[in-house]
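Down below is the structure, laid out as structure tokens.
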Amino acid sequence: MQLTLPLLSLYAAALALADPSIFGAQQQVHLSDDLKVPGDNPLYYCSDPRDDIIQIKSVDLDPNPPKPGAPLSITASGNITKEIEAGAKVHLQVKYGVITLINREADLCDQVGNVDLACPLKKDEMKLTKDVSLPNEIPPGRYTVLADVFTKDKEKITCLHATVDMHR
């Protein structure tokens, strides 16, 4: 089973909302409909994804938007165009309104271990469904998530941005 980085990003964001201790220069992202990630989701690319190592076909969230205390099902499909080796990193930033909850860089290979995968991630087509439990304690409000993923040589794997309004 393969994993798309959008799924990892959403999973990391969900984990971050559940437990900010998982992740230890701010980036500003401008949203454009041209940069919308296909599917039923709040995701946008940070920039033109044409040369990204991950080519996303679709990402669907159920429910969209996610709800505190409810399970979140994430279905993603895409293509890894080049093997992703150990040393890859994900820079994750999660904000609640204007308050930065998380602004941390983490080892991508350690994070994919949370979903029973290991590096290297092979060049391949993929489809994955993952269920995540969102805690009821997530405060209502607007959350913005930025996940910038890159190889050990600083080659862009993908960069995604989402804004999610959590309601009870």
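The values are calculated or read from the model by the stated rules, or taken from the named source; none is laboratory data. Quick caveat: nothing in here was measured; it's all calculated off a predicted structure. Please note: Cβ atoms are built from the backbone with ideal geometry, for glycine as well, and neighbour counts cover all protein chains shown.
Table for the structure above
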read-out: Pairs where the first residue, in region 111-138, is at negative phi and the second is among the basic types (Lys, Arg), C-beta under 8 Å, 6+ apart; value: Val115/Lys130; Lys123/Lys82; Leu134/Lys67
read-out: Yes/no for Leu108 being closer than 22 Å to Ser77 by Cα, in contact with a Leu (Cβ under 6 Å, 6 or more places away or on another chain) and not hydroxyl-bearing (Ser, Thr, Tyr); value: no
read-out: Close pairs from region 88-108: first among the basic types (Lys, Arg), partner part of a loop (DSSP other than H, G, I, E, B), Cβ under 6 Å, at least 6 apart; value: Arg104/Phe23; Arg104/Gly24
read-out: Qualifying residue in region 57-69 (condition: at pLDDT 95 or above, within 24 Å of Thr151 (Cβ to Cβ) and in a loop (DSSP other than H, G, I, E, B)); value: no
read-out: Residue identified as modelled with pLDDT under 95 and in a strand (DSSP E or B) among Thr144, Thr129; value: Thr129
read-out: Residue that is polar (S, T, N, Q), at pLDDT 95 or above, within 22 Å of Leu35 (Cα to Cα) and in a strand (DSSP E or B), where the choices are Thr158, Thr75, Thr100; value: Thr158
read-out: Unmet requirement for Val98, which otherwise passes all of (1) loosely packed, with under 12 Cβ neighbours inside 10 Å; (2) closer than 20 Å to Tyr45 by Cα; value: (2)
